[in-house]
Amino acid sequence: MSKKYGVSIVGCGSIGALKPDDIDYAGGSNILTHAHEVYMNDHFYISSLIDKHKVKATNAGMKWDCLCSNDYAVLAHSRPDIVVIATPTRHHLESLINVFDHWKPEIIVMEKPCGENAAQCFEIMKLCVVKGVKLFVNYNRAYNPYFMGLKTKLRQEKVLSCTLTYNRGLIREASHFIQLCNMWFGKHQESYNISERFGMPSFADFSPEDTTDCVVMKYENCPQIFMIPIDGNECGLFEIDILTDAHRYMIVDNGNQIVTFPVDSTGTYGHYPTVKWNSRAKADTHLSSMGLRFLYRSILDSFISPNLHILCGGQDALAIHQIYEKEETCLH
Ligand SMILES: NC(=O)c1ccc[n+]([C@@H]2O[C@H](COP(=O)([O-])OP(=O)(O)OC[C@H]3O[C@@H](n4cnc5c(N)ncnc54)[C@H](O)[C@@H]3O)[C@@H](O)[C@H]2O)c1
């Protein structure tokens with residue numbers, strides 16, 4: 001058996017370790033927490049779980065049968081190869097400083113969005129560079145071969161439009177979409193929040209500080225991108241629809257399935273190409289619930305081949321913060 005890598009998780013909340021027991025549990029196929037993924041993965045083990053709230057740390061330790069503490073000093077005993085920071089976004093930078101006060105792992109995995117703003121993200125990158133520690137940011141679709149495969153296809157086709165229908169926050173949820181646009185469509189050019197400018201719908205369905213707004217954007221390789229807000233109290237969803245000169249790609253079922261339809265030149269209604277609905281092909285059915293599996297596969301690859309490019313590092317997270325902060329885009 002090859003070496004197993006130790007993982008410590010800081011922040012035992014919803015993505016760290018403690019989703020409700022009936023949704024995320026040892027042996028369940030829906031892997032929604034870092035603790036669950038590491039627990040199930042043959043190449044990793046949980047070295048320790050840390051939460052500033054003792055009760056949460058204890059509950060997480062009991063659930064995943066491992067060392068737990070409310071004190072970062074446990075890192076010096078558990079000596080993890082990887083530390084995951086899954087504390088609330090406003091604590092990302094402070095949590096990283098606390099980690100480095102006690103231990104230097106080989107890899108830091110920072111939950112997205114990696115700091116509250118571009119300045120904090122830059123600080124996080126700098127601290128990791130100074131320590132000589134690799135930084136992975138968990139925008140999990142960046143590690144997913146199906147979404148990466150789509151990038152290759154999109155580069156070979158002429159992209160006509162892309163639409164996101166979403167809720168639960170322009171920053172919290174739509175930042176995942178901006179990561180995908182950065183990966184798929186080249187350089188970001190412009191974006192406008194048209195909820196503010198033209199009184200289009202806006203919903204405070206996650207938090208009043210992070211409303212779900214109507215946004216239009218332009219990228220180097222996509223002339224029109226629309227983000228359509230739906231009130232998350234009515235219906236939760238995250239769906240993407242991309243039209244090119246050759247295909248329509250629909251990412252449906254909350255990101256779980258990519259469905260591809262060809263644009264066919266055999267005219268049905270006239271002598272012009274149309275999207276052929278009946279010849280659709282399903283690509284995969286568990287894209288988002290596999291998200292953490294792909295992140296850890298990528299981490300394993302980087303231990304095996306240390307010079308491998310990190311699919312979503314500090315620079316990628318910084319680019320997303322910068323799009324939100326561009327003055328003329330008014331996304332904030
Ligand atoms: N990649 C994704 O798809 C995804 C999904 C959900 C959340 N997130 C990100 O993960 C982070 C955590 O989100 P969440 O929903 O799990 O939050 P949460 O509030 O459910 O959990 C955070 C946990 O961190 C603990 N904590 C707070 N400050 C701490 C500190 N300084 N040191 C140690 N522990 C501390 C809290 O007690 C809590 O248990 C956020 O940055 C969020 O953006 C990412």
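Nothing in this text is a laboratory measurement; each read-out follows from the coordinates by a stated rule. Only a predicted model underlies this, so the values are computations on that prediction, with no experimental measurement involved. So basically every Cβ, Gly included, is an ideal-geometry build from the backbone, and we count neighbours across all protein chains shown.
So in the stretch 145-284, what percent of DSSP beta bridges are antiparallel if you round to the nearest 5? Can you show the working numbers first?
Details: 33 of 38 bridges.
Counting DSSP beta bridges with both partners in the stretch 145-284, the antiparallel share is about 85 percent.
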**OP:** Return the distance in nm (one decimal) between the two label points of a simple spin-label model at E196 and E157, each offset 7 Å from Cα along Cα→Cβ.
**Re:** 3.4 nm
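Can you sort H43, H247 from fewest to most other Cβ atoms within 10 Å of each residue's own Cβ?
Values: H43 16, H247 19.
Listing H43, H247 from fewest to most nearby Cβ atoms yields H43, H247.
Tell me what the chain gives for mean residue ellipticity at 222 nm when only DSSP H runs of n ≥ 4 count, each as -39,500 (n - 2.57), the sum divided by the residue total, rounded to 500 deg cm²/dmol.
On the way: 10 runs with 101 residues, N = 332.
Here the helix-only value at 222 nm equals -9000 deg cm²/dmol.
Taking Cα pairs under 8 Å and at least six residues apart, what relative contact order does the stretch 145-284 come out at, in percent? All intermediate terms of the calculation are to be shown ahead of the outcome.
On the way: 305 pairs, mean separation 32.9, N = 140.
Taking the mean separation of contacting Cα pairs over the length of the stretch 145-284, I get 24 percent.
How long is the gain from K131 to K3 if the chain were fully straight, where each residue apart is worth 0.36 nm and the alpha carbon distance is subtracted?
Working: separation 128, 0.36 × 128 = 46.08 nm, distance 2.37 nm.
Contour length minus Cα-Cα distance gives 43.7 nm.
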Subject >> For the stretch 311-322, Karplus couplings with θ = phi - 60° (6.51, -1.76, 1.60), whole Hz, Gly/Pro x >> reply: 5, 9, x, x, 4, 5, 5, 4, 4, 5, 4, 5
Subject >> Inter-site label distance for H53 and N117 at 7 Å from Cα along Cβ, in nm >> reply: 2.8 nm
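Over all distinct Cα pairs, what is the inverse of the mean 1/r for the stretch 84-243, reported as the Kirkwood hydrodynamic radius in Å? Please report the intermediate quantities before stating the final value.
Details: mean 1/r = 0.0582 Å⁻¹.
When all Cα pairs of the stretch 84-243 are included, the Kirkwood radius is 17.2 Å.
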